Amino acid sequence: MQFEKIVILTGAGLSAESGLGTFRGTDGLWDQYDIEEVATPECFARSPVKVHDFYNMRRGWLKQAKPNAAHFALAKLEHDHTGAVLTVTQNIDGLHEAAGCSHLIHMHGELASALCARCGTSLPWHEDLSLTTACPVCHKAGFLRPDVVWFGEMPHEMERIMEALSRCDLFVAVGTSGMVYPAAGFVAEAKHAGAHTVELNLDPSDGASLFDEAHYGPATEVVPAYVDKLLG
Ligand code: BJW
């Protein structure tokens with residue numbers, strides 16, 4: 001293969017065919033829920049029950065969800081490529097790990113984790129959260145929240161991501177609309193570093209013109225085909 005250091009950015013479109021839905025577009029989550037009412041720290045302070053209900057519902061979906069052919073293809077790329085592969089996901093599901101991917105950053109957090117706003121502990125969580133759930137560490141109720149990154153909050157491991165982008169020679173974005181920053185700006189960072197940039201998506205994203213190469217179609221078709229081509 002002609003590339004040595006690869007960064008993959010994934011979004012909700014990757015997990016759509018695993019039944020988890022996307023945010024934007026027809027039947028997207030934001031069609032049914034107002035973003036201002038479920039994905040900001042302010043709305044959690046104002047209406048914590050509504051926010052808990054939204055994430056409890058999605059944690060429930062996760063129990064049924066299985067990785068699809070696109071998750072497995074990206075894990076195969078990580079294992080079979082002789083150079084470095086870093087996957088940066090905006091998704092809060094655990095489907096990359098379930099497919100065998102281990103060199104992974106969850107930049108928007110994880111649904112299977114809870115964060116105590118009082119003592120700062122982050123811990124694995126698989127059950128519903130409510131206002132009466134006590135933190136197992138500080139033992140106070142009412143402070144646990146989904147361990148996810150809402151609008152206005154800083155995504156995780158930005159330094160490590162920017163460092164990988166500054167060194168990569170191939171950047172591939174999969175199933176993301178390119179509407180949410182800072183992830184939407186990664187293609188420009190990678191291009192600035194001289195990387196070849198590729199979009200794999202159902203439709204052209206907001207930043208489509210910044211990609212050198214694009215393949216459009218369902219992730220379960222275009223991702224395995226692209227990975228096979230890459231691995232030769
Ligand atoms: C398929 C498919 C199939 C469908 N196969 N493909 C003005 C300018 C610039 C920035 C800002 C601004 N105003 C505000 C901001 C900042 C703000 C932001 O970007 N807002 C925009 C809306 C404008 N960003 C933030 O606040 C971020 N923090 C921040 O900026 O901190 C400061 C900072 C400064 C400097 C450096 C770094 C940071 C935080 C953003 C947090 C986003 N949180 C959410 C919720 C997380 C928890 C949860 O999951 O509930 O993250 S919002 C939501 O959007 C979620 C997603 O991860 C994220 C991205 O969505 P994604 O994955 O792209 O999904 P969709 O639905 O949009 O697209 C799906 C795509 O798949 C589509 O293209 C389909 O076509 C495709 N598809 N089926 C293949 N089968």
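The values are calculated or read from the model by the stated rules, or taken from the named source; none is laboratory data. Just so we're clear, the structure is a prediction, and the values are computed from it rather than from any experiment. Cβ placement follows ideal geometry from the backbone for every residue including glycine, while neighbour counts extend to all protein chains displayed. Accessible surface is based on the protein model in full, side chains and every heavy atom, while ligands, DNA and RNA are left aside. Shrake-Rupley method; radii C 1.70, N 1.55, O 1.52, S 1.80 Å.
What to note about this one:
- Normalised by 2.2 N^0.38 Å, with N the number of residues, the alpha-carbon radius of gyration of the chain equals 1.02.
- Here the 3J(HN,Hα) profile of the stretch 52-58, calculated from phi with Karplus coefficients 6.51, -1.76 and 1.60 at θ = phi - 60°, is 4, 4, 4, 7, 5, 4, 6 Hz, Gly and Pro shown as x.
- Residue (of Tyr226, Tyr216, Ala183) at the positive-pole extreme of the stretch 125-226, dipole from beta-carbon charges: Ala183
- Taking the DSSP bridge list for the chain and keeping only pairs wholly inside it, about 30 percent are antiparallel.
- Take every pair of alpha-carbon atoms less than 8 Å apart whose residues are at least six positions apart; their mean separation over the length of the stretch 1-115 yields a relative contact order of 30 percent.
- Taking the stretch 121-164 and dividing mean pair separation by its residue count, relative contact order in percent (alpha carbons under 8 Å, at least six apart): 25
- Over the chain: helical MRE at 222 nm, DSSP H runs n ≥ 4 each giving -39500 (n - 2.57), nearest 500: -10000 deg cm²/dmol
- For the stretch 109-179 and the stretch 52-102, distance of Cα centres in Å: 15
- Relative contact order computed over the chain (Cα-Cα under 8 Å; 6+ residues apart), in percent: 24
- Rounded to whole Hz, the Karplus (6.51, -1.76, 1.60) HN-Hα couplings of the stretch 146-157, x for glycine and proline: x, 8, 10, 9, 8, 4, x, 9, 7, x, 6, 6
- Relative to the current alpha-carbon distance between His103 and Arg167, full extension at 0.36 nm per residue lengthens the span by 21.4 nm.
- Over the chain, accessible surface divided per residue gives 47 Å², non-protein components excluded, 1.4 Å probe.
- Partner lysines for Lys50 [C-alpha distance under 26 Å; skip if fewer than 8 residues away on the same chain]: Lys63, Lys140
- Protein accessible area in the chain, 1.4 Å probe - carbon and sulfur %: 53
- Evaluated over the Cα positions of the stretch 1-92, the convex hull gives a direction-averaged projected area, one quarter of its surface, of 7.4 nm².
- Vicinal HN-Hα couplings computed from phi for the stretch 135-144 (Karplus, 6.51 cos²θ - 1.76 cosθ + 1.60; Hz; Gly/Pro x): 6, x, 9, 9, 6, 9, 8, x, 10, 6
- Candidate lysines - alpha carbon under 23 Å from Lys191, same-chain residues fewer than 8 apart omitted: Lys5, Lys229
- Sparsely packed GluC sites (Glu not before Pro) within the stretch 1-108, loop by DSSP, other Cβ within 10 Å at most 15: Glu4
- Treating r as the C-beta distance of Leu123 and Lys191 and R0 as 30 Å, the FRET efficiency rounds to 0.20.
- Checking Cβ-Cβ separations below 4.7 Å across the chain identifies Cys43, Cys101, Cys168 as cysteines lacking any candidate disulfide partner.
- Listed by chain and number, the lysines placed with their C-alpha closer than 18 angstrom to that of Lys66 are Lys76; residues fewer than eight positions away on the same chain are left out.
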